[in-house]
Amino acid sequence: MMYKLFNSLSGQEFVIRLSDNAFIPFDSANTDYQEYLKWVEAGNTPEAVS
Amino acid sequence: MSYGSVAADQITSSVQGYSLGAGNSSLKKNLLINGDMRIDQRNAGASVTPSTGTYTLDRWNAYSSAASKFTVQQNAGSVTPPVGFTNYLGCTSSSAYSVGTSDLFVIYQRIEGFNIADLGWGTANAKTVTLSFQVYSSLTGTFGGSLQNGNGNRSYPFTYSIPVANTWTVINLTIAGDTTGTWFTNNSSGLQVTLSIGAGSTYQGTAGAWAANATYSVSGATSVVGTNGATFYITGVQLEVGSSATGFEYRQYQQELALCQRYYEYGTASFPSRSGDNLYYGSMSYKVTKRATPTFAGVSQTVNSNTVDSFACYQAGSASSNSLFTWTSSAEL
């Protein structure tokens, strides 16, 4: 799994899950975001905001 | 003037073997959603090969610790559902896999904490619940499952028997509520109901007792994934307050769909080209408020904002026609 950070035009922060181009919000109750945090805790780094 | 009172928590219906209104209510009786397996928004009846947490029919998740060991499909095998039902969730084994110590193959549903708050679990007033369902398998024997809290540090493994192959069997299991542990009563996972089709010893516990761990089955339970082509079908799954199983709570289709859409919704949108910046831009409200800010995916779309109630997104373009696209929004547990 790979991720990329993204800031929208409205200023809302997301992380894009590159496998399906899904926009994951920075919401601690979102289970996809929880998975992303585990991925980061495991030592991985998302692609930077482009 | 007094009209007297009726003291009863259960009323026998005109249908033999069925009763109404156990516990304190007859509404929201079934704590599970899509227990009759009618709703399949993601796959519309197509087969799914689960990985480590794949939603199949709405609200029903599947976990497969090893790749391609079973498939899940609404009405797999096209057997006749039990009386009163038109759909079932069907698992089919894809190989004769020997389950390893740390393997796990399960079907489960996580119930949102808000919807189990009345159970009082984790307190001295924990209510007893009854899990009931109908099961049909090409295999016979003892099968396993469990109830578990959201933290995965309290679980209650159980067993049930399928005595006759390829026949719908009614299963009723009464479970005393857990008086200890932490049971979330907010929008996170409050309670997980799991049916196992294969679990290694790491995930096996002692049937009929609460324990401070995460277990999903018991030693000696039948392994469906251990037999190539074996089938395991379920429907009419209900978890209710009380010490006896009552008739399945049939909800109207639109009610059940709306309950599912709190966790997953999809649709199509047609957004116009915006003058000035050549972007197809638009916003849309969700039909149902989501459990949490959802994960959004739309073909070729870039999200501008996303909340529990609505989304806005855009796509580069210069044509004067509209951009038509499909989208999904997931706030699953």
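Compute the long axis of helix A:31-41 from its Cα atoms, compare it with the longest principal axis of the Cα atoms of chain A, and write down the angle in degrees, 0 to 90, nearest 10. Value to nearest ten degrees: 60. Any chance you could check the Cα centroid distance between the stretch A:1-23 and the stretch A:28-50 for me, in angstrom? The distance from the Cα centre of the stretch A:1-23 to that of the stretch A:28-50 comes to 10 Å. The share of C-alpha pairs in the stretch B:264-330 whose separation exceeds 18 Å stands at 31 percent. Placing dummy labels 7 Å off each Cα toward the beta-carbon, the span from B:Ser283 to B:Ser161 is 6.1 nm.
In terms of surrounding Cβ atoms within a 10 Å radius of their Cβ, A:Glu41, B:Glu112, A:Glu35, B:Glu256 rank from fewest to most as A:Glu41, A:Glu35, B:Glu256, B:Glu112.
Projected label points at B:Asn125 and B:Ala316, each 7 Å from Cα along the beta carbon direction, are separated by 6.0 nanometres.
Taking packing as the residue-averaged number of other Cβ atoms within 10 angstrom, the listed peptides B:262-269, B:294-301 run from highest to lowest as B:294-301, B:262-269. Our summary of shape: the Cα atoms of the stretch B:84-232 have principal axis extents of 44, 39, 25 Å, ordered from largest down, in whole angstrom. Here the protein assembly as shown is described by how far its Cα atoms reach on the three principal axes: 69, 69, 42 Å, from widest to narrowest. Place +1 on the Cβ of every Lys and Arg and -1 on the Cβ of every Asp and Glu in the protein assembly as shown, take the dipole about the Cα centre, and give the residue among B:Phe105, B:Ser217, B:Gly141 whose Cα lies farthest towards its positive end. Sorting the options by dipole projection puts first B:Gly141. Based on C-alpha pairs under 8 angstrom that are at least 6 apart in sequence, the stretch B:114-225 has a relative contact order of 36 percent.
Computed per residue of chain A from DSSP H runs no shorter than four, each worth -39500 (n - 2.57), the mean residue ellipticity at 222 nm is -6500 deg cm²/dmol. Round to a whole angstrom and tell me the spacing of the C-alpha centers of the stretch B:133-193 and the stretch B:201-221. Distance between centres, Cα-based: 11 Å.
Pairwise Cα distances in chain B exceed 38 Å for 21 percent of all pairs. Pairs of Cα atoms nearer than 8 Å and 6+ residues apart set the relative contact order; for chain A it is 36 percent. Would you mind calculating the relative contact order of chain B from Cα pairs under 8 angstrom and at least 6 residues apart, reporting the percent as a whole number? 19 percent. Across the options B:Asn172, B:Ser196, B:Ser132, the greatest Cα extent toward the positive end of the charge dipole of chain B (unit charges at beta carbon of Lys, Arg, Asp, Glu) belongs to B:Ser196. Determine the calculated [θ] at 222 nm for chain B from helices alone, applying -39500 (n - 2.57) to every DSSP H run no shorter than 4 residues and normalising by the residue count; nearest 500 deg cm²/dmol. That comes out to -1000 deg cm²/dmol.
Highest mean first, the peptides B:209-219, B:38-48 sorted by other C-beta atoms within 10 Å per residue fall in the order B:209-219, B:38-48. Binning the alpha carbon pair distances of chain A at 5 angstrom intervals from zero yields the distribution 5, 22, 33, 28, 10, 2, 0, expressed in whole percent. Is there a simple number for the mean count of other chain Cβ atoms within 10 Å of the Cβ of residues in A:29-37, and what is it? The per-residue average across the peptide is 5. Compared with the rule-of-thumb size 2.2 N^0.38 Å for a compact globular protein, the stretch B:151-205 has a Cα radius of gyration ratio of 1.42. For the peptide A:15-23, the mean number of other protein chain Cβ atoms found within 10 angstrom of a residue's Cβ is 4.
Where a number appears in this text, it was derived from the coordinates with a stated rule and is not lab data. Since we're looking at a predicted model, the values are computed, not measured. A quick note on method: Cβ atoms are made from the backbone with ideal geometry, for glycine too, and the neighbour counts reach across all protein chains shown.
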